[in-house]
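J.: Okay, here's the structure, questions in a sec.
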Amino acid sequence: MSEFTRRVKTVLESQVRPGWVRGEVSNLRAQASGHVYFSLKDAGAQLSSVMFRGDAARQDVKLRDGLQVVVYGEISVYEARGNYQLIVRAVIEDGVGRLQKEFEALKRRLADEGLFAAENKVAIPAMPQTVGFITSPTGAAVQDFLRILIRRGWRGRVVVLPAKVQGDGAAAEIIEMLQLAQDEAACGVRFDLLVIGRGGGSLEDLWAFNEEPLVRAVAACRLPIISAVGHEIDFTLGDFAADVRAETPSAAAELISSGFVAATERAARLDEDLNHHVDAALESAADRLDHARSRLRLLAPSAQVERGFLRLDDLANRLSGALSATVQTRRQRLSEVRSLLRERSPQRRVESESQRLLALWKRLQAASPASVLNRGFVIMRDADGKPVQKKAAVQKGQRLAAEFADGTVAVKAEG
């Protein structure tokens, strides 16, 4: 179900474009959050609608149940409940519907004449130097416009061409400023770009920019024109006739300065790259200079003489070291030969054999019977004088001789 609802949402929101809807307000609910929920209905249907807090705060119309209105918005699907609703961006009373009809009829007629055709539009200069802003000099739009340009560091010139932007005579004054801006001799300024703009308002407030003479004058202007009238949701016929539409005067300022900002950033990058390459070139040149100086010092006669002295000293040291090593080797060899002669000398051998004989004699003495008797042992001998080695060899009454270290004692075996 979720996947199906999501597909329905995608189809509706991509295929049904934003537009105007007429109906009667019912079931109006204003939430504490500032969002406003209501239904639009006519004789045959009703449409759930919502106007979020930010959009609601900008409206001049106070909604109430039973009020006939014309609203502008886009369709949306609330997936959690599976129903669609209209997201309302602007509200006008149905009494203004007559102006909206005139707007749509004039728009179709001028479009059929090709007045809004893309091929008739000219490109906006990437870096205009002089910009003419046709607007009310006391309005907030010009202040916002200038503030954006200053903040972005734009270096061009802005000339405010004063004109009414609302009410009777506004369209005529704007047309007059358009003609003046195109006459370089009359105004004394050569403009690269013109901006026509003002802040937002109701359809009646912006109607001057929908009047046919002004729309035709904008389309016929030889200079590039940016239309910056109202807010993002506000559209006038002047927007379609101009070469470019900006959503607000501030957006127009950003568009005008974008080329300068991009060029400034590119210049900064190029400056950084240039400094890097210059530093690298200087460092490379310094390395080559040091190398050349080193080679020059090596090729100088004094350097060659010094190298000769160094080589002579080195050879002398090597000769001395070689002689010392040879003498040391010979001395070591002589010492080894002397040691070998001492080892092989008859006297050394005699001494060694004497020591060996002495050791054997000591071992013989230690193994002699006298040595055994001296350690406290007794040797039993039979009548023949032979040692008796086992008890089993002794018979009762047999005469034996017990030999001690200091003499012999005759004994008789009792058992």
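The values are calculated or read from the model by the stated rules, or taken from the named source; none is laboratory data. These numbers were taken from a predicted model, which means no experiment stands behind them. Don't worry about glycine lacking a Cβ; one is built from the backbone with ideal geometry, like all the others, and counts go over all protein chains shown. The accessibility values were calculated without ligands, DNA or RNA, using every heavy atom of the protein model including side chains. Shrake-Rupley method; radii C 1.70, N 1.55, O 1.52, S 1.80 Å.
J.: So which residues in region 159-181 are open to solvent by 40 Å² or more (accessible area, probe 1.4 Å) and in contact with a Phe, Trp or Tyr (Cβ under 8 Å, 6 or more places away or on another chain), if there are any at all?
T.: Within region 159-181, just VAL160 meets the criteria.
J.: Can you go through VAL261, VAL195 and tell me which one is outside any helix (DSSP H, G or I), more than 22 Å from LEU99 (Cα to Cα) and not acidic (Asp, Glu)?
T.: Numbers: VAL261 fails: outside any helix (DSSP H, G or I).
VAL195 is the lone residue from the list that is outside any helix (DSSP H, G or I), more than 22 Å from LEU99 (Cα to Cα) and not acidic (Asp, Glu).
J.: Hey, can you tell me all the residues within region 158-209 that are charged (D, E, K, R) and more than 12 Å from LEU223 (Cβ to Cβ)? So that I can check it myself, show each step before the final result.
T.: Keep residues of region 158-209 that are charged (D, E, K, R), which gives 164, 168, 173, 176, 183-184, 190, 192, 198, 204-205.
Within region 158-209, LYS164, ASP168, GLU173, GLU176, ARG198, GLU204, ASP205 qualify.
J.: Another question, if that's okay. Which of the residues that make up region 120-138 are part of a loop (DSSP other than H, G, I, E, B), open to solvent by 60 Å² or more (accessible area, probe 1.4 Å) and closer than 28 Å to LEU203 by Cβ?
T.: Within region 120-138, LYS121, PRO137, THR138 qualify.
J.: Quick one: which helices (runs of 4 or more DSSP H) lie wholly within region 1-119 and hold at least 3 residues that are open to solvent by 90 Å² or more (accessible area, probe 1.4 Å) and either in contact with a strand residue (DSSP E or B) (Cβ under 9 Å, 6 or more places away or on another chain) or modelled with pLDDT under 85 (or both)? Spell out how you get there, then give the answer.
T.: Working: elements: 2-15, 53-57, 97-112.
The helices (runs of 4 or more DSSP H) meeting that bar are 2-15.
J.: Also, quick follow-up: Mind checking which residues of region 185-219 are of a type in the set (A, V, I, L, M) and open to solvent by less than 30 Å² (accessible area, probe 1.4 Å)?
T.: Within region 185-219, the first condition is being of a type in the set (A, V, I, L, M), and the residues that meet it are 185-186, 189, 193-196, 203, 206, 208, 214-215, 217-219.
Selection gives VAL189, LEU193, LEU194, VAL195, ILE196, LEU203, LEU206, ALA208, LEU214, VAL215, ALA217, VAL218.
J.: Looking at region 167-191, I want the residues that are assigned to a loop (DSSP other than H, G, I, E, B) and have a partner that is open to solvent by 60 Å² or more (accessible area, probe 1.4 Å) and at pLDDT below 90 with Cβ atoms under 9 Å, at least 6 apart or on another chain. Which pairs are those?
T.: From region 167-191, the pairs are ARG190/GLU184; PHE191/GLU184.
J.: Additional query: Please go through region 174-196 and pick out each residue that is in contact with a helix residue (DSSP H, G or I) (Cβ under 9 Å, 6 or more places away or on another chain) and of a type in the set (D, E, K, R). Full working, then the answer.
T.: Within region 174-196, the first condition is being in contact with a helix residue (DSSP H, G or I) (Cβ under 9 Å, 6 or more places away or on another chain), and the residues that meet it are 174-175, 178-181, 186-187, 189-191, 193-196.
Residue satisfying the conditions is ARG190 alone.
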